[in-house]
Each structure stands twice: as structure tokens, then as C-alpha cells.
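Here's the structure, in C-alpha cells; my notes come after.
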């Protein structure tokens with residue numbers, strides 16, 4: 001649409017100005033994180049705008065290809081990271097069209113993993129269909145979730161990091177639920193790291 005096209009152009013300008021300032025200004029070391037965070041947020045907003053640009057054009061939105069692009073981007077951002085996407089046979093043959101924002105939920109989980117283990121990240125994302133429901137399991141090799149906050153990990157303001165506003169998992173839950181789905185934290189006793197289960201009706 002014209003709106004998403006204009007927003008996309010505006011965001012490109014914002015990103016360009018941030019990159020220019022980053023290259024030309026002598027930024028104090030203790031302020032460099034502000035620039036990198038601003039650039040990362042602008043890039044993420046550009047991807048959100050791009051996702052919305054296909055609303056109303058279902059044929060243009062390929063969920064599995066979007067996930068593959070997301071995984072490739074995570075590998076590029078963390079050169080040693082291993083991100084495996086495993087598709088059950090029934091997924092490839094089904095015409096699934098889950099919510100347009102669902103990939104952002106997985107991207108948030110990937111970002112959380114990278115924040116903890118960086119280039120050493122090992123992530124497995126498995127997708128399958130059970131009747132008319134998309135089932136996604138996400139597992140990583142991070143430190144896992146502190147037992148003291150497991151029961152409220154999806155609440156607003158709860159964070160697994162020393163710094164942060166505790167919005168990532170809260171918003172992820174809101175996105176999944178807006179599509180009639182569920183996201184939950186799985187028991188980690190049998191595996192190291194964090195494990196999540198997402199189920200969303202798609203057919």
C-alpha cells in the first residue's frame with residue numbers, strides 16, 4: 001500500500017542518518033550502545049513494515065520462506081551460531097498462512113538467545129502440523145530461565161536480563177494469542193537451555 005511504502009522510505013532515511021552519524025561522529029565508548037541499539041531497532045521496524053506490506057496480498061507471503069530468511073539473518077549476525085529449521089513433511093505440502101507477525105515471535109526468541117550466548121548459539125526450531133494447528137518448538141543452548149521467574153516469564157516488565165524493559169516475551173505472547181494460539185515455556189529438566197512451545201490454528 002501507499003502507506004507502508006511511505007513508511008518504508010521514511011525508515012530507510014532514519015537508518016541512513018543513524019549510520020552516517022555513527023561513521024562521522026566521535027561517539028564516546030559508553031554511548032556507542034545507544035547508536036547500535038537505535039540501528040537495530042530501525043532495522044527491526046523496517047522488517048515489520050515489510051511484513052505489513054504483504055497484508056491483502058496473501059500470495060506474496062510465504063511463511064516458510066520468511067522463517068528461512070529470519071534464520072539466515074540470525075546466522076549472519078552471529079557468525080558461529082547454528083540455527084536449524086526442521087520442517088515436518090506435512091508442513092511443506094500444506095498451504096499454511098499463519099499470522100503475519102508470527103515470525104517476529106521467533107525472531108525475538110533468537111535475539112534473546114544471541115544476547116546470552118552470541119556466536120556460540122545453537123538453536124533448533126521444529127515445525128509440524130497436528131490436525132489444523134501449527135506446532136512450533138524452539139530450543140536453545142542458553143542458560144535457561146531462572147526458576148524464580150518461570151511462572152511469570154510472559155508478564156509485562158519481567159526480564160531475564162540485567163537490563164531491559166521486559167517487553168519481548170510479553171509482546172510475543174500477545175501476538176500469538178491474537179491469532180488464537182498459545183505460547184508456553186517447556187520443562188527444561190531433560191535439556192539445557194530454554195525451550196518454548198507455540199501452537200497456532202492455521203487451516
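The values are calculated or read from the model by the stated rules, or taken from the named source; none is laboratory data. Given the structure is predicted, the values throughout are model-derived calculations rather than measurements. Note that each Cβ is placed from the backbone with ideal geometry, even for glycine, and that neighbours are counted across all protein chains shown.
Listed here are the residues, each with its yes/no results for (1) at pLDDT below 90; (2) within 15 Å of the chain's Cα centre (by Cα); (3) over 21 Å from residue 169 (Cβ atoms).
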| position | (1), (2), (3) |
| --- | --- |
| 90 | yes, no, yes |
| 94 | yes, no, yes |
| 105 | no, yes, no |
| 124 | no, yes, no |
| 143 | yes, no, no |
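Residues 45, 70: which one is touching a helix residue (DSSP H, G or I) at 6+ places or on another chain (Cβ under 7 Å) and modelled with pLDDT under 75?
Going through 45, 70 in turn, the sole match is 45.
Give me the residue from region 163-183 that is closer than 22 Å to residue 65 by Cβ and in a loop (DSSP other than H, G, I, E, B) and, out of that set, modelled with the highest pLDDT.
The residue in question is 181.
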Query raised in the report: Just one of 114, 77 is surrounded by 14 or more Cβ atoms within 10 Å (Cβ to Cβ) and touching a residue at least 40 places away in the same chain (Cβ under 8 Å); which is it?
Result: 114
Query - One residue from 160, 191 being buried (at least 19 other Cβ atoms within 10 Å of the Cβ) and at pLDDT below 85 - result: 160
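Rundown of residues vs (1) farther than 24 Å from residue 119 by Cβ; (2) surrounded by 15 or more Cβ atoms within 10 Å (Cβ to Cβ); (3) at pLDDT 80 or above, yes/no style:
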position: 11; (1), (2), (3): yes, yes, no
position: 32; (1), (2), (3): no, no, no
position: 35; (1), (2), (3): no, yes, no
position: 38; (1), (2), (3): no, yes, no
position: 81; (1), (2), (3): no, yes, yes
Query raised in the report: Given the conditions (1) surrounded by fewer than 17 Cβ atoms within 10 Å (Cβ to Cβ); (2) more than 25 Å from residue 43 (Cα to Cα), and given that residue 202 satisfies all but one, which numbered condition is not satisfied?
Result: (1)
